[in-house]
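Dropping a structure here in structure tokens format, bear with me for questions.
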């Protein structure tokens, strides 16, 4: 086995590596490449889930016949997407 010589790493090499690694970041540690369009797009799902949660909460409380059914309705309203997906998969036949 031939022994390979280790290359000496200089300060300039380290500096170039850091510049390349963090070129999209400013000095405060914030990413420069974020766009407002991307942030707005990612926020829409939470609003739709909130509206769905309120709708499910109202529905489950309306059909409850006792106090404990109402409590169960509140808990069911948090996991209504699971019921939706389960019903859809049942309908499709999966």
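The values are calculated or read from the model by the stated rules, or taken from the named source; none is laboratory data. Being a predicted model, the structure only gives us computed values, none of them experimental. In this analysis, Cβ positions are derived from the backbone assuming ideal geometry, glycine residues included, and neighbour counts consider all displayed protein chains.
Please enumerate the residues belonging to segment 1-26 that are at pLDDT 65 or above and in a loop (DSSP other than H, G, I, E, B).
Passing the criteria: 7, 8, 9, 10, 22, 23, 24, 26.
Among residues belonging to segment 66-94 that are in a loop (DSSP other than H, G, I, E, B) and more than 24 Å from residue 46 (Cβ to Cβ), point out the one that is modelled with the highest pLDDT.
66
Starting from segment 69-81, keep only residues that are in contact (Cβ under 8 Å) with a residue 24 or more places away in the chain, then list their pairs with residues that are in a helix (DSSP H, G or I) whose Cβ atoms are within a distance under 6 Å, requiring at least 6 positions of separation or different chains.
Within 6 Å, the pairs are 77/53; 77/56; 77/57; 77/60; 80/56.
OK, next. Those residues that are part of a helix (DSSP H, G or I) and either in contact with a strand residue (DSSP E or B) (Cβ under 9 Å, 6 or more places away or on another chain) or modelled with pLDDT of 85 or more (or both), I need them from segment 40-65; list them, please.
51, 52, 53, 54, 55, 56, 57, 58, 59, 60, 61, 62, listed by residue number.
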